[in-house]
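Encoded as structure tokens, the structure appears first; notes follow it.
The values are calculated or read from the model by the stated rules, or taken from the named source; none is laboratory data. Predicted, not measured: the structure shown is a model, and the values here were computed from it. Quick reminder, even Gly has a Cβ in these numbers, built from the backbone with ideal geometry, and neighbours come from all protein chains shown. Note: areas computed on protein heavy atoms with side chains; ligands, DNA, RNA excluded. Shrake-Rupley method; radii C 1.70, N 1.55, O 1.52, S 1.80 Å.
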Amino acid sequence: MAKTVLAVDDSRSILQMVSMTLKGAGYQVVEAGNGQEALAQAQKQKFDLILTDLNMPVMDGLTLVQKLRAAPAYKFTPILMLTTEAGESFKAKGKAAGLTGWLVKPFDPAKLLGVVKKVLG
Amino acid sequence: MLALLSHPVRIGLIAAAQALLLIGLFFIACPWPVLLAVALVGLMTLLLVALPRQVRPASSAGQDDAELVALLAGTRELLRQLQAELGQQFGGARQENAQVQQILADAIDKLIGSFTALEKHSARQKELAGRICGEQSGAGSQCQGFARLLTTIESSLTKLFDATRRSSDNARQLSSAMTQTQQQFQQVLSMLGDVRKIADQTNLLAVNASVEAARAGAAGKGFAVVAEEVRNLSIRSNRFSQQIDDSVQGIAAALSGVESAIHQLADESERLVQEEQQHIASMMEQAQTFHAEVKQAAGEIATISQQVSGQVGVAITSMQFQDMATQVIQSVTRRLDAMDQLMNELAAIDGGEALPVAVELDTYHEHLVLLRQMLQAATDTIARNHHNPVSQKSMDEGDIELF
């Protein structure tokens, strides 16, 4: 059965490109426009991987990670941050919140797939 | 400090302020030097806030003060114009930023649609190429099936040619056997000739015996009967020999026809095998060439599909400029908002009312304190907007770090 990925970004184009990349490799992708929408999706179904942006309206990526990690179902689920931010202070906060990895945009589709395969085992 | 300056110097400063305001209005005519204009208006506002309160009340309430008030009023009017123009420029800049974002979003949406379709078609092309003749297509591919078919046809034709050749050889052996049989029939015919000679001699002997029996008279009657029977036997023997000769001749002629037919069949088979074997070999070579070309083309199609897929990947990386550009534009908009706010707050200090020439010192102090608080708040606001959310300076792919 195909692994499911929740892609979270306020940029429609980024969501499209992430979906195109992952769906092409056989993953099922569900899209969310911000942290709050992502939380709602995560309650509806269990995802194998969360791929989220940092700077988003309504609820940012860091808050989303903290809320997901507080939920037992997502305590050990891989969560990757895909963002334009590369500051060490942001990474430190993400790491403390329980992030699995940090990817700086723009992403290379092949390398994104490589990371996704790696964290999904 | 300005209060210590002489009156002509103050007049000169105000005149300089007016000149700077005019320069600011000039810069506003261009969209991007907005920031420079903001700096100018900030400086002018400070000057205008400070200058009126430097004027000593009623120290020399003569013509000089009237001139000073007129200059101040003129400068204030210029400031109001500058503020209004700058407000329009900020609004215009925000609208243009939003327009750029919308154009980028629309363009990228279509680009992504195109590249998604391209990637999909490329993947389908690769799949089809693999099914036709891919290296990893396995035994079930069309290419492998065609190769097996060619091998099977070649094997069957080889067997057919071998069988035909063997039949031809057998026919030649049969023809040879027929020749030997013909020779034996000739021997039989020769022997039959001898038999006829014996019968003729027997007949002659019987005739002579009859003559001798007739001479003997009554004593030879019995012998004459025997001689007659012997003669009859020789005649019958001759007739049988002739019949056998005719039959053997007929069989020999038939065998000769069969031999000729078999010989012709062997020759025809041999010729057919030689000609068709060359023809079939040529066709098989063409089929093998076609197969090799199809296999090579399928391999090239698969390679091209992979290259297209790789290029689509590069395009995906590059198309993320829209997200990055949008974030940078949003950051610029936030900076414009902060400066717009700063400009309005600075300008609001005087409230647009006519300035009194004489101002109490306490009021002047309150204005300064208010100004300092506002400047501090403005500094904090601007500092918050120093952060650029986009770290990448180019469209090279970003770093990846797994914790």
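Quick look at the values:
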read-out	value
Partners for residue A:67 among lysines (Cα-Cα distance below 20 Å; same-chain residues under 8 apart left out)	A:44, A:46, A:75, A:91, A:93, A:95
Residue B:153 versus residue B:198: modelled label distance in nm, points set 7 Å from Cα along the beta carbon direction	6.8
For chain A, size of Cβ-based charge dipole, Lys and Arg +1, Asp and Glu -1, in debye	440
Charge tally in the Cβ shell below 14 Å around residue B:154, where Lys, Arg are +1 and Asp, Glu are -1, residue B:154 excluded	-1
Set of aspartates and glutamates near residue B:159 by C-alpha distance (under 17 Å), chain-local residues within fewer than 8 positions excluded	B:169, B:270, B:275, B:276
Estimated buried accessible area (total), pair A and B, 1.4 Å, Å² to nearest 100	2600
Environment charge at residue B:105 (Cβ cut-off 13 Å; Lys +1, Arg +1, Asp -1, Glu -1)	-2
Cα centroid of the stretch A:81-121 to Cα centroid of the stretch A:2-22, whole Å	14
In Å, descending, principal axis extents of the Cα set of the stretch B:162-215	79, 10, 5
In the stretch B:277-353, GluC sites (Glu not before Pro) in a DSSP loop with at most 12 other beta-carbon atoms within 10 Å	B:353
The stretch A:26-121: C-alpha gyration tensor shape, a/c 1.5 cut-off, then a/b vs b/c	rounded
Taking all pairs of distinct alpha-carbon atoms in the stretch B:125-275, Kirkwood radius in angstrom	22.0
Whole-angstrom Cα spans of the stretch B:92-213 along principal axes, big to small	164, 22, 14
Proximal aspartates and glutamates to residue B:197, defined as alpha-carbon separation beneath 15 angstrom and excluding residues fewer than eight positions away on the same chain	B:245
Residue-count net charge about residue A:31 - beta-carbon cut-off 15 Å; Lys, Arg +1, Asp, Glu -1	-3
Average partner coverage of A:9-20, which counts Cβ from other chains inside 10 Å	6
